[in-house]
Amino acid sequence: MSFNIPAIVPIRDDALATRLDDRIDGKTKPRGSLGRLESLARQIGLIRRDLAPRLSPPTVFVFAADHGVADEGVSAYPQDVTWQMVENFLAGGAAINVLARQQGVELRIVDAGVKHDFGRRDGLVDRKIRAGSGNLAVEAAMTARECEQALRAGAELMADAGGEVVGFGEMGIANTTPAAALMHRLTGEPVADCVGAGTGVDAAGLERKARVIGQAMRLHAGAHAPLEMLAAFGGLEIAMMTGAMLGAASRRRILLIDGFIASSALLVAARLAPAILDYCVFCHQSDERGHARMLRSLGARPLLDLGLRLGEGTGCVLAWPLVQAAAAFLCDMASFGDAGVSER
């Protein structure tokens, strides 16, 4: 595979960090009293290389694709729901549309590999690689070439994305199964701790998902490099998100990471370019069983824990006001000197 991994520079800058710490500590408040917002402000300043970074509302990309593993009965919903939900996104009726409108967030819906012909549609970014991935239990989800095409398409999307902040969401019936497979192979966590209810499968469905993943592990035992794993187990939207995350971080954008599926894409990206984690804001801990363990493996501290397991980038939009608040206090809150207040 010849995908050129974008160069990502670690954000560490000791001199700038000291200046940011002094600025944060000098605000009219007891030191540390804004808690997590203070470390988030520091991270934003280091990413943007700015003591007073102004952030415009993010663009949230929702990557959609179908999965051949749906044939194994691993989802509570039929595969047609993927394209129907894309239609819902385009009509403005989904949860992500409602939340994005409320927060003034731009959405871009990306067809990475939906098993449906949408034609040319306003609001739909067509980057379809193929109509659904292969069934990872009986074949590779993607060929090496298809995986490379998806990675490159994602990275190229970031070249055209404006603003300082990008969010990553997804839609794809059965995509918790490839995400759990990637998690198991990349982290070594037991399959049973990686598999969750997804769209709401019962206990028998959980056992079926675990059995399918075990079959895939045996079939693709030779897939050891990150991109080999991605091609074997991933989905087209997961691969495209991986490329997009790498592309966004290489341009020093702040990455808003949604839930379980988006985090699985990041797992792959972090194996390819560990410095990408410097640029990530982990928006929430999903209610999907494996997400807490996945976040721990990434060294992540999520901003929210609301019991979400919808995907679509909803966590990104809900966490955006906190990111905005962290930058705003860094920019606009008075210092003790400015306010003529004695430092406590």
Name the residue, out of Val114, Val110, that is over 16 Å from the mean Cα position of the chain (by Cα), closer than 30 Å to Leu206 by Cα and not basic (Lys, Arg). Val114
Is it the case, given these coordinates, that Phe3 is modelled with pLDDT under 95, surrounded by 13 or more Cβ atoms within 10 Å (Cβ to Cβ) and aromatic (Phe, Trp, Tyr)? yes
Whether any residue in segment 56-73 is surrounded by fewer than 19 Cβ atoms within 10 Å (Cβ to Cβ) and closer than 25 Å to Gly243 by Cβ is what I want to check. yes
Please tell me if Ala15 is out of contact with any helix residue (DSSP H, G or I) (no Cβ under 9 Å at 6 or more places or on another chain) and at pLDDT 95 or above. yes
When segment 78-105 is checked residue by residue, the ones that are without any contact (Cβ under 8 Å) to a residue 12 or more places away in the chain and open to solvent by less than 40 Å² (accessible area, probe 1.4 Å) are Gly92, Asn97
Starting from residues that are of a type in the set (Gly, Ala, Ser) and in a loop (DSSP other than H, G, I, E, B), keep the ones in segment 7-29 and report whichever is nearest to Ala325 (Cα to Cα). Gly26
Taking segment 30-76 and keeping only residues that are of a type in the set (A, V, I, L, M), within 30 Å of Gly134 (Cα to Cα) and not in a helix (DSSP H, G or I), one is left with Val60, Val62, Ala64, Ala65, Val74, Ala76
Can you tell me how many residues in segment 30-56 are at positive phi and without any contact (Cβ under 8 Å) to a residue 60 or more places away in the chain? 2
For Gly198, indicate whether it is within 19 Å of the chain's Cα centre (by Cα) and under 25 Å from Ala95 (Cβ atoms). yes
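The values are calculated or read from the model by the stated rules, or taken from the named source; none is laboratory data. This structure is a prediction, so every number in the text was calculated from the model and none was measured. All Cβ positions, glycine included, derive from the backbone under ideal geometry; neighbour counts span all protein chains shown. Heavy atoms of the whole protein, side chains included, go into the accessibility calculation; ligands, DNA and RNA do not. Shrake-Rupley method; radii C 1.70, N 1.55, O 1.52, S 1.80 Å.
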